[in-house]
Amino acid sequence: MSAVSEGAVPLAGGTDLMVEVNFGTTRPDYVVSLRRVDELREWDGHRIGAGVNWRRIERNGPRALAQAARTVGSPQIRNAGTIGGNIATASPAGDGHPFLAAVDAEVELVSPTGRRRVAWDDFFTGVKTTALGADELVAAVILPDDLPERQEFGKVGVRNAMVISTVCAVVTRGDDGVTTVALGSVAPTPMRAGRAETMISAFSRPTKGDLAEFQRLVSAEVRPITDHRSTEDYRRHASGVLARRLLERCLR
Ligand SMILES: Cc1cc2nc3c(=O)[nH]c(=O)nc-3n(C[C@H](O)[C@H](O)[C@H](O)COP(=O)(O)OP(=O)(O)OC[C@H]3O[C@@H](n4cnc5c(N)ncnc54)[C@H](O)[C@@H]3O)c2cc1C
């Protein structure tokens, strides 16, 4: 949770914050709406303002981020909910996170004293905690200039719509074979499966055996827990299967 001034909490779409208020888990003294801050809704090339909602991303985002946007809640939630709110909430199940992790995005933060950019890996510090300072807002996410041509998002949940991810993932593959795999809901923060990435990036035309090994490595690398949504074992299995299927789509 971040504050724009002492005791005040920023509100973008309210689709996370108001749930917490309704459940009584947070009771801010003051709420500052960001909806009329035009700068936050600006989308300039690879700089996406924190106040850009999922509906716009669904229509105009890079392929895998648009795929993720399409799965967030319902049309009403996608019209209200923003990418900045998704990041600031820092839920391990945030569907926007795997894409940003897979492409090594940066997060731009703004405060009364200036702006700074934080590398994606340094932004999340734990479950629902971030590097956001008490007087900072998320201003934007910055994507790299060159995004991989092939990129796929996928999500496993207990039903097909309006579902929080049991596992979500993005796989990207460049023309040079360099592959990234990022997963959500399987660790305290979004994670990359580095050993699986290194292994599969070495093959220009992976065989069935290579794909099976890739799946095994992803399952081995994730660090899921058992909670009310799923078990550790299922999440581990689903992570490997999902990542392999996304890679197969990238290879088509
Ligand atoms: C029915 C329902 C279904 C949902 N389904 C999904 C889903 O499928 N996938 C998914 O990932 N999420 C889902 N969500 C969660 C939520 O919609 C998303 O996380 C959304 O992106 C949150 O954005 P928001 O603008 O509504 O955030 P808000 O609720 O306005 O804010 C969330 C938090 O971020 C802070 N904040 C907001 N903007 C900023 C900023 N610019 N700088 C600093 N702090 C900021 C707020 O203070 C608050 O702590 C769902 C929620 C609901 C209610």
In the stretch 205-219, the residues that are open to solvent by less than 40 Å² (accessible area, probe 1.4 Å) and among the hydrophobic types (A, V, I, L, M, F, W, C) = L211, F214, L217, V218
query = Is there a residue being of a type in the set (A, V, I, L, M, F, W, C), near the ligand (Cβ under 10 Å from one of its atoms), at pLDDT 95 or above and assigned to a helix (DSSP H, G or I) anywhere in the stretch 93-104?
reply = no
inquiry  = For the stretch 35-56, give me each residue that is at pLDDT 95 or above, within 12 Å of the ligand (Cβ to nearest atom), assigned to a loop (DSSP other than H, G, I, E, B) and open to solvent by 30 Å² or more (accessible area, probe 1.4 Å).
reply    = V37
query = Applying the selection to the stretch 5-20, what residues are part of a strand (DSSP E or B) and at pLDDT below 95?
reply = A8
inquiry  = If the requirement is being surrounded by 13 or more Cβ atoms within 10 Å (Cβ to Cβ) and not in a helix (DSSP H, G or I), which of these qualifies: I200, I225?
reply    = I225
inquiry  = I'd like to check something: does the stretch 57-64 contain any residue that is touching a helix residue (DSSP H, G or I) at 6+ places or on another chain (Cβ under 7 Å) and near the ligand (Cβ under 8 Å from one of its atoms)?
reply    = no
inquiry  = Suppose the filter is open to solvent by 20 Å² or more (accessible area, probe 1.4 Å), under 28 Å from G49 (Cβ atoms) and either of a type outside the set (G, A, S) or within 12 Å of the ligand (Cβ to nearest atom) (or both); does D176 pass it?
reply    = no
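The values are calculated or read from the model by the stated rules, or taken from the named source; none is laboratory data. Remember, it's a predicted structure, so these values are computed and weren't measured experimentally. Positions of Cβ are backbone-derived with ideal geometry, glycine not excepted, and every protein chain shown enters the neighbour counts. Just so you know, the surface numbers come from the protein's heavy atoms only, side chains and all, with ligands and any DNA or RNA stripped out. Shrake-Rupley method; radii C 1.70, N 1.55, O 1.52, S 1.80 Å.
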